[in-house]
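The values are calculated or read from the model by the stated rules, or taken from the named source; none is laboratory data. Owing to the predicted nature of the structure, the values given are computational and were not obtained by experimental measurement. As a convention, Cβ positions derive from the backbone with ideal geometry for all residues, glycine included, and neighbour counts pool all protein chains shown. We work out accessible area using only protein heavy atoms, side chains counted, and drop any ligands, DNA or RNA first. Shrake-Rupley method; radii C 1.70, N 1.55, O 1.52, S 1.80 Å.
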Amino acid sequence: NCGMVGVLTPTTTNTQSDHVKGEKKMIQNRGPQYFNNYDVYFLFFFWSIILYKSFVTSGHKTLNVFIVCKLKRPSEGNYEKEKDVCIQLFDQWSEADQVEFVEHLISRMCHYQHGHINSYLKPMLQRDFITALPAQGLDHIAENILSFLDARSLCSAELVCKEWQRVISEGMLWKKLIERMVRTDPLWKGLSERHQWEKYLFKNRTTEVPPNSYYRSLYPKIIQDIETIEANWRCGRHNLQRIQCRSENSKGVYCLQYDDEKIISGLRDNSIKIWDKQTLECLKILTGHTGSVLCLQYDERVIVTGSSDSTVRVWDVNSGEVLNTLIHHNEAVLHLRFCNGLMVTCSKDRSIAVWDMASPTDISLRRVLVGHRAAVNVVDFDDKYIVSASGDRTIKVWSTSTCEFVRTLNGHKRGIACLQYRDRLVVSGSSDNTIRLWDIECGACLRALEGHEELVRCIRFDNKRIVSGAYDGKIKVWDLQAALDPRAPASTLCLRTLVEHSGRVFRLQFDEFQIISSSHDDTILIWDFLNVSTNGQTEGRSPSRTYTYISR
């Protein structure tokens, strides 16, 4: 190899031109074997002139440019023989010795040579591993790698080549993608149950399942269903079903909870009524309380109710038999929650009671929390905090494990009627007609939502939206993510107002497909955003199906 150094000292244009001619002549004088490589040298030299001009323009007076160019050594007569000997020796070495020798060679090369080697190696190192793995009997690894793709990427992967398409098809990767979505997204899970295609999921290859093409065509249909549901929520399109309770003595449905089969409601007339969710017929009436049933919660074993008669009763969810009666509070039990062996109740007597639930018949009082200066209207809790809200305008936070007071959230201007707590977020509704969002860890109010004209009586939220009901008879749907964004204008937060109740809205629950609400007007309404008929509807209103129950 030949090393070559050119030195430039900026003086005048003529000197620069003479120097270029001199370098060119120097290369020519090296002989014909070097003259063929003049173009490489000239590129470096041309670059140095550009660099020189830029430095002179910026005010530099002197500049030395060093150009080192390793020109290709001409082939000599004994090169081929020497190469053959080296290759023979190289082939006799172990792999480790070969790697060490090549590393040593590369370390002695210049950057220009490294570039040539890199260009040579790059295509050799590129492997179609998805095609290569099945050839080695490792189809399951190729399938597992592609199973992490989302739908758009999976579509692209199918177009790479026939082998990739075969791996996706035989691996049933569209089926696996749908199964992953059903496991992680409640909306997908609900659709799979309602549209009956869950029966084709979570089955191994030994059982009869449709081919991959079935799931490939099913996926876009699911996406279309999801987009339709979201549009129905935004536009207020729904199918309305109505249960007329028609209580004889006093009207009003104070509380409710539902699942796919039933709705359980607590009424002002002291009764608990269980309704078939499909036929809307009353299946059972539980009696025993001597006051209005103000709150309830149930699971697969028991129904727990709180009443204005100051008691908490535990019922067998299947037989309706009373299993336990808790007498502790001095006034009406306004709200209760239970989960994982712990129950919290609150009362008009301003206290909160924390209970250990070993079994439906073995419930013992752990602690009484005192601190509110008015009736405690609502409680909620998880493993970390118990959260309570009161007519004294405050929300108080307590430690679940120690029952010690943690902090107070201040901001509402009047009493607080409802609340939900999950993760770090607390959402509350008040008789100041506003809804507030709070960060429970720091106690900051993140946003105040305005729109209701009277007391906000009930509120629920999920990952997408907040749904609130108020004494103005209206149900409002809010965009939760926008509400958590301080840059979002207040005018964009309320997505839809639903007006069907003729009295105060007392309680509501909702999921991805529906809202179920109860009211002082003695009705339970089911707002269905999934099964919406588009024939002759006006936006936001739907034909209703009514079932009237007349108590005996």
Practice task
Test each condition in (1) surrounded by 14 or more Cβ atoms within 10 Å (Cβ to Cβ); (2) at pLDDT below 90; (3) assigned to a helix (DSSP H, G or I) for Val209 and report the one that comes out false.
Solution key: (3)
Exercise for the section: Inspect the stretch 130-148 for any residue being open to solvent by less than 100 Å² (accessible area, probe 1.4 Å), of a type in the set (D, E, K, R) and not in a helix (DSSP H, G or I) and give the result as yes or no. Expected result: no
Exercise for the section: Check the stretch 379-387 and report whether any residue there is surrounded by fewer than 23 Cβ atoms within 10 Å (Cβ to Cβ) and among the hydrophobic types (A, V, I, L, M, F, W, C). Expected result: yes
Handout entry: Any pair with Cβ under 8 angstrom, 6 or more apart, that starts in the stretch 479-498 at a residue that is surrounded by 14 or more Cβ atoms within 10 Å (Cβ to Cβ) and ends at one that is of a type in the set (Asp, Glu) and in a loop (DSSP other than H, G, I, E, B)
Key = Leu480/Asp462
Exercise for the section: Check off (1) out of contact with any Ser or Thr (no Cβ under 9 Å at 6 or more places or on another chain); (2) crowded, with 21+ Cβ neighbours inside 10 Å; (3) closer than 24 Å to Glu321 by Cβ for Asp299 and give me the number that stays unchecked. Expected result: (2)
Practice task
Report, ordered by the first and then the second residue, all pairs with beta carbons closer than 6 Å, sequence separation of six or more or different chains, a first member in the stretch 343-364 that is free of Cβ contacts under 8 Å to residues at least 12 places away in the same chain, and a second member that is open to solvent by 20 Å² or more (accessible area, probe 1.4 Å).
Solution key: Ser364/Asp356
Exercise for the section: Considering only residues that are acidic (Asp, Glu) and under 30 Å from Lys176 (Cα atoms), look in the stretch 94-151 and name the one that is nearest to the chain's Cα centre (by Cα). Expected result: Asp150
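Conditions (1) out of contact with any Lys or Arg (no Cβ under 9 Å at 6 or more places or on another chain); (2) within 30 Å of Asp356 (Cα to Cα), marked per residue:
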site: Asn232; (1), (2): yes, no
site: Cys235; (1), (2): no, no
site: Leu240; (1), (2): no, no
site: Lys251; (1), (2): no, no
site: Asp259; (1), (2): no, yes
site: Asn270; (1), (2): yes, yes
site: Gly288; (1), (2): no, yes
site: Phe338; (1), (2): yes, yes
Completion exercise
Picked from the stretch 149-162 (must be in a helix (DSSP H, G or I) and either polar (S, T, N, Q) or open to solvent by 50 Å² or more (accessible area, probe 1.4 Å) (or both)), the residue farthest from Leu218 (Cα to Cα) is Lys162
Handout entry: Scope the stretch 252-279; condition out of contact with any strand residue (DSSP E or B) (no Cβ under 8 Å at 6 or more places or on another chain) and assigned to a strand (DSSP E or B); matching residues
Key = none
Problem - The one condition in (1) in a loop (DSSP other than H, G, I, E, B); (2) surrounded by 18 or more Cβ atoms within 10 Å (Cβ to Cβ); (3) not β-branched (Val, Ile, Thr) that Cys418 fails to fulfil - result: (1)
Problem - The one condition in (1) within 24 Å of Thr497 (Cα to Cα); (2) under 25 Å from the mean Cα position of the chain (by Cα) that Tyr254 fails to fulfil - result: (2)
Completion exercise
When the stretch 163-206 is checked residue by residue, the ones that are basic (Lys, Arg) and part of a helix (DSSP H, G or I) are Arg166, Lys175, Lys176, Arg180, Arg183, Lys189, Arg194, Lys199
Practice task
Could you please tell me which pairs satisfy a Cβ distance under 6 Å, a separation of 6+ or placement on different chains, a first residue in the stretch 132-148 that is in contact (Cβ under 8 Å) with a residue 24 or more places away in the chain, and a second residue that is open to solvent by 60 Å² or more (accessible area, probe 1.4 Å)?
Solution key: Ser147/Lys176
Handout entry: Of all residues in the stretch 437-462 being surrounded by fewer than 23 Cβ atoms within 10 Å (Cβ to Cβ) and basic (Lys, Arg), the one that is farthest from the chain's Cα centre (by Cα)
Key = Arg447
Handout entry: Meets criteria (outside any strand (DSSP E or B) and closer than 18 Å to Arg407 by Cβ) for Glu454
Key = no
Problem - Any hit, the stretch 228-251, residues being closer than 30 Å to Arg166 by Cα and part of a helix (DSSP H, G or I) - result: no
